[in-house]
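Participant: One structure, pasted below without further comment.
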Protein chains: 2
Amino acid sequence: MSKVTINDIAKNANVSKTTVSHYLNGRYKAMSIETKERISSAIEVMDYSPNVVAKSLKNKKTMTIGIIVANILHSFSTQIIRSIEDYAHEEKYHVIVCNSDNDPVKEKNYIQMLLAKQVDGMVVIPTWNNDALFSRLAEDKYPAVFIDRFIETVKIPSFMLDNTVAIKTAFVHLMDKGHREIGFVSQPAAEIPPRKERQDEYKALCVQHGVEKFIVAGELKAIERNLDQAVKKDKLPESLIVANDLALFEVLKAVKAHDLKIPRDLSVISIDDVDFAEFFNPAITVVAQPSFKIGTEAAHTLFGIINGEEYEIETHRFKPELIERESVTDYGNE
Amino acid sequence: MSKVTINDIAKNANVSKTTVSHYLNGRYKAMSIETKERISSAIEVMDYSPNVVAKSLKNKKTMTIGIIVANILHSFSTQIIRSIEDYAHEEKYHVIVCNSDNDPVKEKNYIQMLLAKQVDGMVVIPTWNNDALFSRLAEDKYPAVFIDRFIETVKIPSFMLDNTVAIKTAFVHLMDKGHREIGFVSQPAAEIPPRKERQDEYKALCVQHGVEKFIVAGELKAIERNLDQAVKKDKLPESLIVANDLALFEVLKAVKAHDLKIPRDLSVISIDDVDFAEFFNPAITVVAQPSFKIGTEAAHTLFGIINGEEYEIETHRFKPELIERESVTDYGNE
DNA sequence: TTGTAAGCGTTATCAC
DNA sequence: GTGATAACGCTTACAA
């Protein structure tokens, strides 16, 4: 493979490698048509293609960026990656994909390796405990953007759903349909901003509207268990706001296990549109986040930074969209 | 970022860069404890980390591999990528992810760019028309493996589902349950081996068992349209074998649109387990393919090749697994 | 035990 | 218009 270098081309075409390099980089302007052709045919014949690693060393530009997500298996991450890869492809960049598994240690390791590989920029769904590292990146003006989460103290622009509005949209929709028992299901809020924001807004809304709080928050298994308990004790509320797709899976499993009927026995509204929402029985009403838009804007900003444009360090909030389907009963507005 | 080089460390520690290099590469054996400490503290203080690009240029090893899938949004591809990234991470490798969109031109471009970037190996779900390129890779003994598809004439090992067995499993299951009208839904078989294999086996089975063929094959939109027609003309068979997840989505949409009841009005068995199969109403009976196993074995072989091990150029076939759920009526075995 | 120097495949500066 | 030559940051004989 590609053992042929610019030197071989130079020899074969009877010119210096400088000239070949000029040719390769489109500095034709003042090159005799003859040499041009000798070079081009040498390249053709010897099947030469430039070594990008050498080029990168010289140019200090690798034409690749890193993406660190929690887990590529989550559809949100997949969509983010796809939108960013598309943008990168346009810019003739490649993307290195990493799974942090929400593990700060793994994340840190990835960041350091990516930097060592001299990637020109990074987009990351950050975990926690790496604030210092991120801050150093920010100080060094290293091109980086966050997605889905932000870190209070770190000066890196962030692109994420307006979680407050998302929960409010769901809550208000339920209220509009006459619901007064509204529960909330989520993975542990802990250190993860979007989860925390969603849960906090739910609580605030409960207080504001005099709705009794019913929160199931825990790891997937715990959700399943708690839901199970609630059903058995007949303590399940009329309706549930489900904080994301994974939590929704658990809810739907519990519903099936107990042979509940949505929306008769339970109304469900989920944050995150899932691929089956539309043809599920019943179709799931959802507050969707614009993943592709988020990814694309993040990429846009990142490449802006890479190309030396000015940018604001701010948190960009994206508006969710309510998609009404069949999983919420209409009790009539009282 | 990382503007500090091995030279700076050498100066700061009052040694030559050779010594630093030795230190970095763990050639401690015969190094005075003193120098060792001077170096280590210099590294600490100056926050040095080696430039992998320079290292790659010298070593002819980039510690990164490329993955080309049709579209990362398909869950099979996502799972393959995840399993390969895991394996790569173990080996201290990174992965560059590319979407070919089943476009041979895009694919070719990616392959060439990846090679130019000197990636140490590639795993690809190949399209078509690039046989010559792949053959050159094979001849050059460039480390590469195929997934999900193979190319007849190309000497690159391939890892894929045993499609024949998968279809037979589905077909026989249906027969066992007393079905005699068995249809088949797929995207266009065209140039894509797994699709073709599945469809061919279906046809063969029809002949063998005297079952009348009913095939809906086309792009997603066409599937929807044709299904629609069939329902309206009351020509839908008792049961449908659905060739993959995307086709399944269309079937499920049609079912919902026409308010059909599975499995009363129609039995469905799908190739590919989908995340919602378990808690769908009804739960979907499925012939699952072991994506993670496929990905992991492919990675295993790829890294074997990279590490210079001998390998067979063969097509590795993986056995599917029938997961019986609720979407197939039992008419009783006649 | 440590240092000198050449080389990996490019690009860039500056001559000619 | 074209070509030496140094440089990018690292590794590795080979020397000392």
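Participant: Excluding residues on the same chain fewer than 8 positions from A:LYS17, give the aspartates and glutamates whose Cα lies under 13 Å from its Cα.
Facilitator: Correct list for A:LYS17: A:ASP8.
Participant: If N is the number of residues in chain A, what value comes out of its Cα radius of gyration divided by 2.2 N^0.38 Å? Present the calculation step by step, with values, prior to reporting the outcome.
Facilitator: Numbers: Rg = 26.3 Å, N = 334, 2.2 N^0.38 = 20.0 Å.
Compared with the compact-globule rule of thumb, chain A sits at 1.31.
Participant: Still on this structure, please answer the following. Across peptide A:82-93, how many C-beta atoms of other chains are within 10 Å of each residue C-beta, on average? List each step's numbers first, then the result.
Facilitator: On the way: counts 6, 0, 0, 5, 2, 0, 1, 6, 0, 0, 2, 1.
That average works out to 2.
Participant: With the cut-off at 1.5 for a/c, could you classify region B:163-289 from its C-alpha gyration tensor as rounded, prolate or oblate?
Facilitator: rounded
Participant: Also, I was wondering about something else. Would you work out the relative contact order for chain B, in percent, from Cα pairs under 8 angstrom that are 6 or more residues apart?
Facilitator: About 17 percent, as a whole number.
Participant: Assuming a ≥ b ≥ c are the square roots of the Cα gyration tensor eigenvalues, decide whether the protein assembly as shown counts as rounded (a/c under 1.5), prolate (otherwise, with a/b larger than b/c) or oblate.
Facilitator: Working: a/c = 2.20, a/b = 1.34, b/c = 1.64.
Verdict is oblate for the protein assembly as shown.
Participant: Next question. Per residue of region A:47-62, what does 6.51 cos²θ - 1.76 cosθ + 1.60 with θ = phi - 60° give for ³J(HN,Hα)? Whole Hz please, x for Gly and Pro, Karplus curve as stated.
Facilitator: 6, 8, 9, x, 7, 5, 5, 4, 4, 4, 4, 5, 7, 6, 7, 9
Participant: Now for a separate question. Could you work out how far the C-alpha centroid of region B:294-334 sits from that of region B:54-118, in angstrom?
Facilitator: A separation of 21 Å, based on Cα centres.
Participant: Ok, one more. Relative contact order of region A:163-289, please, whole-number percent, based on alpha carbon pairs below 8 angstrom and at least 6 residues apart. Please report the intermediate quantities before stating the final value.
Facilitator: Details: 197 pairs, mean separation 33.1, N = 127.
Relative contact order for region A:163-289 comes out at 26 percent.
Participant: Taking Cα atoms, how many degrees apart are the long axis of helix A:104-116 and the longest axis of chain A, rounded to 10 and kept between 0 and 90?
Facilitator: Once rounded, one gets 20 degrees.
Participant: B:ALA222: net charge of surrounding residues, Cβ under 11 Å, Lys/Arg +1, Asp/Glu -1, itself excluded?
Facilitator: Working: positive: B:LYS221, B:ARG225; negative: B:GLU219, B:GLU224, B:ASP228, B:GLU250.
Counting the neighbours of B:ALA222, the net charge comes to -2.
Participant: Right, another one. What's the local net charge at B:THR315, with K and R +1, D and E -1, over the other residues with C-beta under 13 Å away?
Facilitator: Details: positive: B:ARG149, B:LYS155, B:ARG317; negative: B:ASP148, B:GLU152, B:ASP162, B:GLU197, B:GLU297, B:GLU312, B:GLU314.
Here the charged neighbours net out to -4.
Participant: Which percentage, to the nearest 5, of the DSSP beta bridges contained in chain B is antiparallel?
Facilitator: Numbers: 3 of 36 bridges.
Bridges in chain B that DSSP calls antiparallel: roughly 10 percent.
Participant: A further question follows. For B:LYS235, list the lysines whose Cα falls under 21 Å from its own Cα; do not include residues on the same chain fewer than 8 positions away.
Facilitator: B:LYS177, B:LYS203, B:LYS213, B:LYS221, B:LYS253, B:LYS256, B:LYS261
Participant: Inter-copy label distances at B:ASP131, 7 Å along the Cα→beta-carbon direction, one decimal in nm, shortest first?
Facilitator: Taking the point 7 Å beyond Cα along Cα→Cβ, the inter-copy spacings are 6.1 nm.
Participant: Quick one: net charge around B:LYS256, please, counting Lys, Arg +1 and Asp, Glu -1 for every other residue with C-beta under 15 Å from its C-beta. Before the final figure, lay out each step's value.
Facilitator: Working: positive: A:ARG325, B:LYS253, B:LYS261, B:ARG264; negative: A:ASP275, A:GLU278, A:GLU326, B:GLU224, B:ASP228, B:GLU250, B:ASP259, B:ASP265.
For residues surrounding B:LYS256, the net value is -4.
Participant: Distances from A:VAL172 to the same residue in each other copy, label points 7 Å out along Cα→Cβ, in nm, shortest first?
Facilitator: Label-point separations across copies, in nm and ascending: 5.8.
Participant: Another question, if that's okay. For the pair A:VAL45 and B:ARG136, how long in nm is the line joining their label points, each one 7 Å along Cα→Cβ?
Facilitator: 1.7
Participant: With a 10 Å cut-off between alpha carbons and a GNM built on chain A, which of A:ALA247, A:ALA257, A:ALA217 moves the most?
Facilitator: Result for chain A, Cα springs under 10 Å: A:ALA257 fluctuates most.
Participant: Could you give, in nm with one decimal, how far A:ILE215 is from each other copy of that position, shortest first, with labels 7 Å out from Cα toward Cβ?
Facilitator: Distances to the matching label points in the other copies: 5.7 nm.
Participant: While we're looking at this one, here's another question. From the phi angles alone, apply the Karplus equation (6.51, -1.76, 1.60; θ = phi - 60°) to region A:318-326 and give each ³J(HN,Hα) in whole Hz, x where the residue is Gly or Pro.
Facilitator: 9, 7, x, 10, 7, 10, 7, 10, 10
Participant: What percentages make up the Cα-Cα pair-distance distribution of region B:2-133 when the bins are 5 Å wide from 0?
Facilitator: Spelled out bin by bin, region B:2-133 gives 2, 10, 16, 14, 12, 11, 9, 8, 8, 6, 4, 1, 0 percent.
Participant: May I ask for the angle, rounded to the nearest 10°, between helix B:245-257 and the longest principal axis of chain B, with both axes built from Cα atoms and the value confined to 0 to 90°?
Facilitator: For B:245-257 against chain B, the angle is about 40 degrees.
Participant: Right, next: What list of ³J(HN,Hα) values in whole Hz, one per residue of region A:12-24 in order, does the Karplus curve 6.51 cos²θ - 1.76 cosθ + 1.60 (θ = phi - 60°) give from phi, with Gly and Pro shown as x?
Facilitator: 4, 9, 6, 9, 8, 5, 3, 4, 4, 4, 4, 4, 4
Participant: I need the P(r) histogram for region B:6-50: all alpha carbon pairs, bin width 5 Å from 0 out to the longest distance, whole percents.
Facilitator: P(r) for region B:6-50, in whole percents per bin: 5, 27, 40, 23, 5.
Participant: Determine the relative contact order of region B:99-231: mean sequence separation of Cα pairs under 8 Å and six or more apart, normalised by residue count, in whole percent. Could the numbers behind the result be given before it?
Facilitator: Details: 149 pairs, mean separation 22.8, N = 133.
So the answer I get is 17 percent.
Taken together, the values in this text are just the output of simple stated rules run on the coordinates, not laboratory data. None of these values were measured; they are calculated from a predicted model. Backbone-built Cβ (ideal geometry, glycine too); neighbour counts: all protein chains shown.
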